[in-house]
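The structure under discussion appears below in the form of structure tokens.
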Amino acid sequence: MGVKSVGEHYRCNICGNEVTVTKAGGGELVCCGEPMEKISG
């Protein structure tokens, strides 16, 4: 799943890192070798 818009929130289900998108470029967010889960936005 690629990043679509500013303000989306993502979480790593392995280590718990959380990311808020400040500039959407369409790429996929990956942490600990796995895609991050979109949690809101």
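The values are calculated or read from the model by the stated rules, or taken from the named source; none is laboratory data. This structure is a prediction, so every number in the text was calculated from the model and none was measured. Cβ coordinates were reconstructed from backbone atoms using ideal geometry, including for glycine residues, and neighbour counts include every protein chain displayed. In case anyone asks, the SASA skips ligands and DNA or RNA and just uses the protein heavy atoms, side chains included. Shrake-Rupley method; radii C 1.70, N 1.55, O 1.52, S 1.80 Å.
Table for the structure above
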{"item": "Within the accessible area of the chain (1.4 Å probe), percent carbon and sulfur", "result": "49"}
{"item": "Proximal charge balance of Glu37 [Cβ under 13 Å; K/R count +1, D/E count -1]", "result": "-2"}
{"item": "Whole-Hz couplings from phi, Karplus 6.51/-1.76/1.60, listed for segment 13-27; x for Gly and Pro", "result": "7, 9, 9, x, 3, 10, 10, 10, 6, 10, 8, 8, x, x, x"}
{"item": "Those trypsin sites (Lys or Arg not before Pro) in the chain that DSSP places in a loop and that have at most 16 other beta carbons within 10 Å", "result": "Lys4, Lys23"}
{"item": "Net +/- balance of residues flanking Asn13 in space, Cβ distance below 12 Å, scoring K and R +1, D and E -1", "result": "-1"}
{"item": "Per residue accessible area in Å² of the chain, where ligands, DNA and RNA are left out and the probe is 1.4 Å", "result": "68"}
{"item": "Sequence-distant residues sharing a close amide H with Cys31 (under 5 Å, placed H)", "result": "Met36"}
